[in-house]
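Comments concern the structure below.
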Amino acid sequence: MTKTPAASAADPSPSATTNEATAQIGVVGLAVMGSNIARNFANHGHTVAVYNRTTAKTEKFMADFGQTGSFVPAETIQDFVASLERPRRALIMVQAGAGTDAVINQLADAMEPGDIIIDGGNALYTDTIRRETDIRARGLHFVGAGISGGEEGALNGPAIMPGGPAESYESLGPLLESISAKVDGTPCCTHIGPDGAGHFVKMVHNGIEYADMQVIGEAYQLLRYGAGMSPADIAAVFREWNKGDLESYLVEITAEVLAQVDADTNTPLVDLIVDAAGQKGTGRWTVKAALDLGVPVTGIGEAVFARALSSATSQRQAAQGQLPSGQLSPAVAPEDREAFVEDVRRALYASKLVAYAQGFDEILAGSAEYGWDLDPKDMATIWRGGCIIRAKFLNRIAEAYQANPKLESLLLDPYFNSELEGLVDSWRRIVVAATQQGHPVPVFSSSLSYYDSLRAQRLPAALIQGQRDYFGAHTYGRVDRPGAFHTLWSGDRTEVEA
Ligand code: 6PG
């Protein structure tokens, strides 16, 4: 491809000479996400260098979009880097994995101290911590940036969670904020914290997303098979719910998916979709990290396991008709449907709240573990728009952490605490009803157990400590005096201080 200088919407004829450093930002990787974010930058008046390892993709991008903004196509990484203004800013938008390291090294070899490499993929935060250390040693800046909002968000305004050095945000921040979603004029983008903090927070965002999607699914399951409602009726319910406390992108699109009718068969599309959920891995990572951090993200964990179980096709087929159901209660009578729908809404809200509370607990635990000094209010604020979990109640979460940054749990925030007052009876009724009717509600029920564990005065952990001391002499604490103790279980059963 001949090197064509920047073509601008105003003046399609080439104006800049080749390799002139005219681009404020460059995008490597022109699949849909990369293309859309490059277009977003151009739509906001920036000159954008674009490169794809497969030159044909770069050519197609320029053929499709070259006239819509100021783009500088490059055939080689060297040309790409040479077209970037100093400090150079290169955004990598390739599938997270080994390929990312290859691109990072190619860029680092061509860039100069002070330049910035941004990884906009869903990289594992521990990889980002490693990469940031390696790239910093070469005098460059490395920014792991979570970008949420899918293809539409990339083009029209994502939520962006950049980590990395605060110094790099000085030159990078205004660019990212210009293309991010805005809520009340506030960009859904802020400097999250050092090294892997951005990708860590994006990971937790995705974990919360899984739990959010699962509790919506459980509500759907109960309305469909517990109350015998049609997908169209349930779509109308979700549209109604989207006008209140549950207003969110996921509730909004749920109504759209449930209203969709397959043209070929005139059947609700949801009944034709195979009920086996995929997962690229960010939800799993959230749970693995939480296990290491000792944070009980039960809602997110059950959502990840629910996806795994849904995809255990062979096991599910073997179990069909083989597992005794026990005595089941009948479906909800039509005259009780309205009250049941409201109970489901409240159980959904309560379970969603637990998932967010657990997600923020994990963010705070990660911040303490890695010394990131994260402010949960920041995440709640930038998650109000652009991202997949964008929701009205994130305003309330931001207010909660604004009022008390040291909140022990989101559930203890006065506003949410009072909300729970009006939710918990319905929550209990729905978990009982689902159990009695034999409908799986792993996140509704585990979240209620988490809630009851949190509020319990005594937990069975006392017995567990006794068992551990019995077989492993692991000792236990006493409620009436300090210290660690051990009972001589195989001897005279007297107690000794460890
Ligand atoms: C986002 C999404 C996105 C996610 C894909 C697939 O924030 O835009 O969370 O990053 O990776 O939608 O996610 P799963 O395959 O893990 O469901």
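Using the heavy atoms of the protein chains and a 1.4 angstrom probe, tell me the accessible area per residue for the range 336-404 in square angstrom. Don't skip to the answer; put the middle values down first.
Working: 2230 Å² over 69 residues.
That works out to 32 Å² per residue.
Just subtract the alpha-carbon distance of Q95 and L328 from 0.36 nm times their residue separation and send over the number in nm, one decimal. Could the numbers behind the result be given before it?
Numbers: separation 233, 0.36 × 233 = 83.88 nm, distance 4.65 nm.
Full-extension gain reported as 79.2 nm.
What residue among N156, S35, M93 has its Cα farthest toward the positive end of the dipole of the chain, where the charges are +1 on Lys, Arg and -1 on Asp, Glu, each on the Cβ?
Going by the charge dipole, the pick is M93.
Taking a ≥ b ≥ c as the square roots of the eigenvalues of the Cα gyration tensor of the range 350-390, is the shape rounded (a/c under 1.5), prolate (a/b larger than b/c) or oblate?
Numbers: a/c = 2.83, a/b = 1.35, b/c = 2.09.
The shape class here is oblate.
Which of the residue pairs K243/K406; K288/K352; K182/K352; K57/K392; K182/K288; K182/K406 have a Cα-Cα distance greater than 29 Å in the structure shown? Spell out each step's value before the answer.
On the way: K243/K406 31 Å; K288/K352 20 Å; K182/K352 24 Å; K57/K392 39 Å; K182/K288 32 Å; K182/K406 27 Å.
Result: K243/K406; K57/K392; K182/K288 exceed 29 Å.
Given a 1.4 Å probe and every protein chain left where it sits, what share in percent of the accessible area of the chain is carbon and sulfur?
Details: 11870 of 22570 Å².
The computed percentage sits at 53.
Summing -39500 (n - 2.57) over the DSSP H runs of n ≥ 4 in the chain and dividing by its residue number, what mean residue ellipticity at 222 nm do you reach, to the nearest 500 deg cm²/dmol? Let's see the in-between values first.
Values: 20 runs with 255 residues, N = 498.
Result for the chain: -16000 deg cm²/dmol, rounded to the nearest 500.
Only sites in a loop by DSSP and with at most 14 other Cβ atoms within 10 Å count here; which chymotrypsin sites (Phe, Trp or Tyr not before Pro) in the range 334-384 make the cut?
Working: sites: F340, Y349, Y356, F360, Y370, W372, W383; in loops: W372, W383.
In loop regions of the range 334-384 (DSSP not H, G, I, E or B), there are no sparsely surrounded chymotrypsin sites (Phe, Trp or Tyr not before Pro).
Kindly point out which whole DSSP H helices in the chain project their C-alpha atoms 27 angstrom or further along the helix axis while averaging a Kyte-Doolittle hydropathy of -1.0 or above. Each step should come with its number before you reach the end.
Numbers: long enough: 197-221 (36 Å, -0.06); 337-370 (49 Å, -0.04).
Length and hydropathy pass: 197-221, 337-370.
Compute, for the chain, the length of the dipole vector about the Cα centre, with Cβ point charges of +1 (Lys, Arg) and -1 (Asp, Glu) only. Units Debye, rounded to 20.
480
Against the globular-protein guess of 2.2 N^0.38 Å, express the Cα radius of gyration of the range 246-308 as a ratio, rounded to two decimals.
Details: Rg = 15.9 Å, N = 63, 2.2 N^0.38 = 10.6 Å.
Output field value: 1.50.
Would you check the accessible area of T267, probe 1.4 Å, heavy atoms only, in square angstrom rounded to 10?
40
Reachable aspartates and glutamates from K377, Cα under 17 Å, same-chain residues fewer than 8 places away excluded?
D184, D361, E362, E399, E408, D413
Label the range 273-372 by shape, choosing from rounded, prolate and oblate, from the square roots a ≥ b ≥ c of the eigenvalues of the Cα gyration tensor; if a/c is under 1.5 it is rounded, and otherwise prolate applies when a/b is larger than b/c, oblate when it is not. Spell out each step's value before the answer.
Details: a/c = 2.87, a/b = 1.46, b/c = 1.96.
Oblate, because a/c is 1.5 or more while a/b does not exceed b/c.
Points 7 angstrom from Cα along the Cβ direction at D109 and N156: gap in nanometres?
4.1
Please label the shape of the range 351-495 as rounded, prolate or oblate, based on the square roots a ≥ b ≥ c of the eigenvalues of the alpha-carbon gyration tensor (a/c under 1.5 means rounded; beyond that, a/b larger than b/c means prolate, else oblate).
On the way: a/c = 2.68, a/b = 1.58, b/c = 1.69.
It is oblate, given that a/c is not under 1.5 and a/b is not larger than b/c.
Once you place label points 7 Å from the Cα toward the Cβ at E256 and L463, how far apart are they in nm?
Result: 4.9 nm between the two label points.
The values are calculated or read from the model by the stated rules, or taken from the named source; none is laboratory data. Since the model is a prediction, treat every value here as computed from it, not as a measurement. As a convention, Cβ positions derive from the backbone with ideal geometry for all residues, glycine included, and neighbour counts pool all protein chains shown. With ligands, DNA and RNA removed, areas are computed over all heavy atoms of the protein, side chains included. Shrake-Rupley method; radii C 1.70, N 1.55, O 1.52, S 1.80 Å.
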